[in-house]
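Worksheet: one structure, shown below.
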Amino acid sequence: MNVASRLPDTSTALSERARQSAKPPFLGFGLGLRAQHYDEILHGNPPIDWFEVISENYMLPGGQPPRILDKICERYPVVMHGVSLSIASTAPPNFEYLQGLKDLAQRVKPKWVSDHLCWTGVHGKNLHDLLPIPYTQEALDHVVDRVQLVQDFLGRAMVLENVSTYVQFSNSEMTEWEFLSELSRRSGCWLLFDINNVYVSAFNHGYDPLTFLNGIPADRVVQFHMAGHSHMGTHIVDTHDHPVCEDVWDLYVAALKRFGRVSTMIERDDNIPPLDELLVEVIRTREIAERVLPAGTPAR
């Protein structure tokens, strides 16, 4: 089926509305929702302001996860975070996936829907990895078009995250932060600034993470990710299986000074500890933000 035939007749108007959409609200300090913590969350009252859910975990109809998610949504604000949109792919858009994403958003009513600036597979096969792209004008034009297509289909502005990278393309014509800034400006998408990913990529490629941070427009960032990694000596791998390291906490302070109050969450995807251990990090994000940006600090 022709791509254009799958889009609403109002696609141009929707794209324009995405570029002019109001900035999503500040949610406070949250945590990635993981199955290991379902019971503690539902039967307790943990001091968590909001949860981020992995979209693909809840896109299948029926079963326990969607029912539990419904209960979580009754008690907490939720945002959706995907890992399979493959927004930078040159393959035809996967409208079956997009419809599943749209159906879940209609059910969950998230504050926003996010994914990663990357591609995730080739020839119809999902490699289950977040793969880098060259930062060229051609790639930028392509991703802008893809973002607008997705936004038109979903009827909402997207939020896109910077990924950790381990290789660079020799034909890149701009920096990653220049690419992200221009992508947000042209498409109207918002940005998820993953502080750990910036730290990882900066170490792996030998640049100052503050240069990345200062290169992103302050008014386009709506979420921070905080996570741990595995330091291998010569390089860092973004494993999300350790507590947040002190250098990343320091970069969080710099990000608060640059971007102001931004919804912040702790990510943990492996070696997942009890909820109480993760709450220590959630509370630390709140305490640092309140120290750096005391009550009454004007919003960006």
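Here, each number is a calculation from the coordinates, and none is a lab measurement. Because the structure is a prediction, the values reported are computed rather than measured. Virtual Cβ from ideal backbone geometry, glycine too; neighbours counted across all protein chains shown.
The table below lists the values:
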{"quantity": "For Leu275, Leu42, order by how many other beta-carbon atoms lie within 10 Å, fewest first", "calculated": "Leu42, Leu275"}
{"quantity": "Where only C-alpha atoms are counted, convex hull volume of the chain per residue in Å³", "calculated": "136 Å³"}
{"quantity": "Neighbourhood charge, 12 Å Cβ-Cβ cut-off, centred on Thr120 and excluding it, Lys, Arg +1 and Asp, Glu -1", "calculated": "-2"}
{"quantity": "Karplus (6.51, -1.76, 1.60) ³J(HN,Hα), θ = phi - 60°, over the stretch 288-293, in Hz, Gly and Pro reported as x", "calculated": "5, 4, 5, 6, 6, 10"}
{"quantity": "Integer Hz, Karplus 6.51/-1.76/1.60 couplings in order for the stretch 199-212, x for Gly and Pro", "calculated": "4, 4, 5, 4, 5, 5, 10, x, 10, 7, x, 5, 5, 4"}
{"quantity": "Ordering of 85-96, 185-196 by packing [mean C-beta count within 10 Å, highest first]", "calculated": "185-196, 85-96"}
{"quantity": "DSSP-defined antiparallel bridges as percent of all bridges, the chain, nearest 5", "calculated": "15 percent"}
{"quantity": "Residue order, fewest to most beta carbons within 10 Å, for Lys111, Lys23, Lys257", "calculated": "Lys257, Lys23, Lys111"}
{"quantity": "The chain: relative contact order as a whole-number percent, Cα under 8 Å and 6+ apart", "calculated": "19 percent"}
{"quantity": "Contact order relative to length of the stretch 213-265, as percent, for alpha carbon pairs under 8 angstrom and 6 or more apart", "calculated": "45 percent"}
{"quantity": "Leu85 long-range amide H proximity, modeled H, under 5 Å", "calculated": "His116"}
{"quantity": "Residue-wise HN-Hα coupling along the stretch 261-266, computed from phi with Karplus coefficients 6.51, -1.76, 1.60 (Hz; x: Gly, Pro)", "calculated": "5, 10, 3, 10, 9, 9"}
{"quantity": "Computed [θ] at 222 nm, helices only, for the chain once each DSSP H run of length n ≥ 4 contributes -39500 (n - 2.57)", "calculated": "-12500 deg cm²/dmol"}
